[in-house]
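The values are calculated or read from the model by the stated rules, or taken from the named source; none is laboratory data. Predicted, not measured: the structure shown is a model, and the values here were computed from it. All Cβ positions, glycine included, derive from the backbone under ideal geometry; neighbour counts span all protein chains shown. Calculation scope for accessible area: heavy atoms of the full protein, side chains included, ligands and nucleic acids excluded. Shrake-Rupley method; radii C 1.70, N 1.55, O 1.52, S 1.80 Å.
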Amino acid sequence: KAGVTQTPRYLIKTRGQQVTLSCSPISGHRSVSWYQQTPGQGLQFLFEYFSETQRNKGNFPGRFSGRQFSNSRSEMNVSTLELGDSALYLCASSATGDPNEKLFFGSGTQLSVL
Amino acid sequence: GESVGLHLPTLSVQEGDNSIINCAYSNSASDYFIWYKQESGKGPQFIIDIRSNMDKRQGQRVTVLLNKTVKHLSLQIAATQPGDSAVYFCAENSGGGADGLTFGKGTHLIIQP
C-alpha cells in the first residue's frame, strides 16, 4: 500500500506570492491533517479535513487555508507569503481522524520564501 | 497553552547500548501518546503509541513507559543500531483532536561507532 504522497518536494517562492501544496493520503484513509515544521517552533498543527470538511484548525492566520476533495486528496494554500512561512509542510493521514488513531506522515514539501 | 517538552536536545550513545529518550508533558487530560522518528529529509515515522490506561508497551526493540503521576513519557531503544540515528519526537493528543497532535521539540539521537 502506498504511503502518504506530497508534491512538490521543494518549492521556492518570493514574498507576496501564493502557493498550493498537494497531499494524497494512504488509500482508504479519509482524514488528512497538515502540520508546519520549523527549527524554532517545531511541529505545529495547521488543520484537519475529513469528508471534504475542515473539522479542526490550529492557531494560524487566515492566509493558510486548505480543502479536501471527494477522493480524500487534500491541498493547502498559503497566500501573501511571508519570509516566516519558510518551513517543511507535512501532511498526515489516518483512517477516520479519531483522536486516538495513529497518523502516518508524508515526506513533506520544503517551502523557501525569499 | 500546555505543551509537550523534551529533556535533552541531543543524546549520544554507543552502538549496541540501550538508549532512553525522555519526554515531559503538562496536560493531565492527555490520553494518547505517540513516539515518532524523523530521519533527515523524511517525514515523521510512527514508532509506538500508548494510551493513558497503560503504563508500558513494548514493540520490536522499543519500549514506551508512561508515568502519569509525574507526567513523564520515555522511549527505550534496545541494542541501538546506526539506523536508529534520527530525531525522536513525543506527541500527545491533548485537545480531544481539536488541536491535532502536540509535539515536543525533539531529541537528536546520535550513534557512536
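Computed over every Cα-Cα pair of chain A and binned at 10 Å starting from 0, the pair-distance distribution P(r) comes out as 15, 51, 29, 5 percent. In a reduced charge model with +1 at each Lys and Arg Cβ and -1 at each Asp and Glu Cβ, chain A shows a dipole moment near 160 debye about its Cα centre. Once backbone amide H atoms are built at 1.01 Å from N, residue A:108 has A:6, A:91 as its partners under 5 Å, excluding neighbours fewer than 5 places away on the same chain.
Within the accessible area of the protein assembly as shown, what % is carbon and sulfur when the probe is 1.4 Å and the other protein chains stay in place? Whole-percent figure for carbon plus sulfur exposure: 47.
Kirkwood Rh, Cα Rg: Rg to Rh for the protein assembly as shown?
Values: Rg = 17.4 Å, Rh = 18.0 Å.
Ratio of gyration radius to Kirkwood radius: 0.97.
Among the listed pairs B:42/B:68; B:37/B:68; A:57/B:68; B:56/B:105, those with a Cα-Cα distance over 26 Å are B:42/B:68; A:57/B:68.
In this structure, the amide hydrogen of residue B:86, modeled 1.01 Å from its nitrogen in the peptide plane, lies closer than 5 angstrom to those of B:109, counting only residues at least 5 positions away or on a different chain. Once you reduce segment A:22-64 and segment A:92-114 to the center of their Cα atoms, the two points are 7 Å from each other.
Charges were assigned to the Cβ only: +1 to each Lys and Arg, -1 to each Asp and Glu. The resulting dipole of the protein assembly as shown about its Cα centre is roughly 320 debye.
Counting only other chain Cβ atoms within 10 Å of each residue's Cβ, the peptide A:91-100 averages 3. Of the residues B:46, A:104, A:64, the one with the largest accessible area comes first in the ranking A:104, B:46, A:64, computed with a 1.4 Å probe on protein heavy atoms.
For the chain pair A and B, the buried solvent-accessible surface (1.4 Å probe, both sides summed) amounts to about 1600 Å².
Tell me, what is the Rg over Rh of chain B, with Rh the Kirkwood radius over Cα pairs?
Values: Rg = 13.4 Å, Rh = 14.0 Å.
Computed over Cα atoms, the ratio is 0.96.
For the protein assembly as shown, the solvent-accessible area of protein heavy atoms averages 47 Å² per residue (probe radius 1.4 Å; ligands and nucleic acids excluded). The mean number of partner chain beta-carbon atoms within 10 angstrom of a residue's beta-carbon across peptide B:99-111 is 4. Output the antiparallel fraction of DSSP beta bridges having both residues in the protein assembly as shown, as a percent to the nearest 5. Antiparallel bridges: around 90 percent, rounded to the nearest 5.
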